[in-house]
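K.L.:
Here's a structure for you.
The values are calculated or read from the model by the stated rules, or taken from the named source; none is laboratory data. Small disclaimer: the values here were computed from a predicted structure and weren't measured. So basically every Cβ, Gly included, is an ideal-geometry build from the backbone, and we count neighbours across all protein chains shown. Ligands, DNA and RNA are stripped out before the accessible areas are found, and what is left, the full protein with its side chains, is counted by its heavy atoms. Shrake-Rupley method; radii C 1.70, N 1.55, O 1.52, S 1.80 Å.
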Amino acid sequence: MESYSPGLENVIACETSISYLDTGNELILLRGYDLMELARKAVFMDVAGLLLDGSLPDAGERAALMDQVRGASSMEKEVLHLLSFLPKRPSMMDVLRTGISALAGFDPDLDDRTEEGNRRKAIALLARVPQLCAGGYRMAHGLEPLAPRPELSYAANFLYMMTGRTPSELEERLFDQSLIAYSEHELPNSTFAARVIASTQSDMYGALAGAAASLKGTLHGGANEAVMELLLSAGTEAGMETLIRGKLAAKERIMGFGHRVYMRKPDPRALLLKEALTELSAVRGDARLLSMCVAGETIMHEEKGLHPNLDYYAAPVYHLLGIPTALFTPVFLAARTAGICAHVMEQHAHNRLFRPRVRYIGPRGLRLAEDGGKEGVLRDGD
Ligand code: SDX
């Protein structure tokens, strides 16, 4: 029997050519490219093509991919209509998970797990998950969903559907950069959940719905919303210091800090989003959120030796872009749909059913009494 590692910490669970956290070289590899270089020089559609097709698309291939996404954008009206019946939920991730499951019911080739069939599903999900996010949120607030605008880029259209405003060039670039930062990150809990589900030969939609359920948790994707709540309740730099020190004294976790893989090393993506926050704050002439974040970062490094992860700086960036806090984690899932679909395709193509074992620590040797009851326990009427 292999050794046991709680939470599968440092356990290799699969082989992949999709991505790798090369922490020794402070690199996040996406099919051999440095994610940080992709974020600075490419656009999200390039990275989606790289993840799904295994090579970086040229300009023509990227345009063709965007046309395929636009072509898959029309969604059965019943899907959004179904979401309108959901009771007002605290988490938009519950709504998103339901929407993804509903999409499955309308896919005529639901169980086509060939590369072509899965790629078609991935394109459809890239096109529709942003609509489920934005439309689900608007309906929950008594507003009609905004139809996608095909003349806009993927990032600009997503931002428009959430905010109702056409983003500026800077807003579009910074949001697109954040989608790349969120697009893929090796085998986090949500991607692992998707691969586990796909390994039974279940479909892409079910795998993504399972990943959505995982990502909702505050130890994972839900952290970006929790960071925004922390910033809003802190209000000032001094408030941030008081809140964080109080939480640390109460042995509470501070959302947006720490990482299972990076541990006490920096998350390279956090630097990217910090730069975005700095740029946005300068343009807006308001550095309050930036100074609060820097104050929190300083305290956490001094007190716990911990660095911020990408969620810590993504939250204020999304706030300044006008994205509702309840959509921060859904945006994370929408971007990660590219990576998760790539992992599902890889799992279906080279499958081995996930079925780990346990280290049993329960009782042994218990016997039933003659009358079938628990041994040694008096039964009624005895
Ligand atoms: C994401 O896996 C991925 O790649 C995920 C992700 C992705 O792109 O998919 O990167 C996205 O999920 C980022 C993480 C977002 N979550 C949060 O920000 C929630 C807060 N972070 C923590 O709960 C924690 O850091 C985890 C869950 C992220 C990692 O926890 P581990 O690896 O289980 O670490 P641990 O709980 O064993 O903590 C080790 C030590 C402990 O101190 P001691 O008890 O040894 O003294 O570090 C402390 C912890 O108390 N610690 C924290 C802390 N995180 C760790 N203390 C205060 N606040 C924190 N946030």
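K.L.:
Just the residues that are modelled with pLDDT under 95 and basic (Lys, Arg), please, taken from the range 37-90.
P.N.:
Lys77, Lys88, Arg89
K.L.:
Could you list all residues from the range 242-251 that are away from the ligand (no atom under 12 Å from the Cβ) and within 30 Å of Glu171 (Cβ to Cβ)?
P.N.:
Leu243
K.L.:
Mind counting the residues in the range 252-311 that are within 16 Å of the ligand (Cβ to nearest atom), open to solvent by 70 Å² or more (accessible area, probe 1.4 Å), in a helix (DSSP H, G or I) and not hydrophobic (A, V, I, L, M, F, W, C)?
P.N.:
Within the range 252-311, residues that are within 16 Å of the ligand (Cβ to nearest atom), open to solvent by 70 Å² or more (accessible area, probe 1.4 Å), in a helix (DSSP H, G or I) and not hydrophobic (A, V, I, L, M, F, W, C) number 4.
K.L.:
Taking the stated definitions as given, is Asp112 within 16 Å of the chain's Cα centre (by Cα), surrounded by fewer than 23 Cβ atoms within 10 Å (Cβ to Cβ) and acidic (Asp, Glu)?
P.N.:
no
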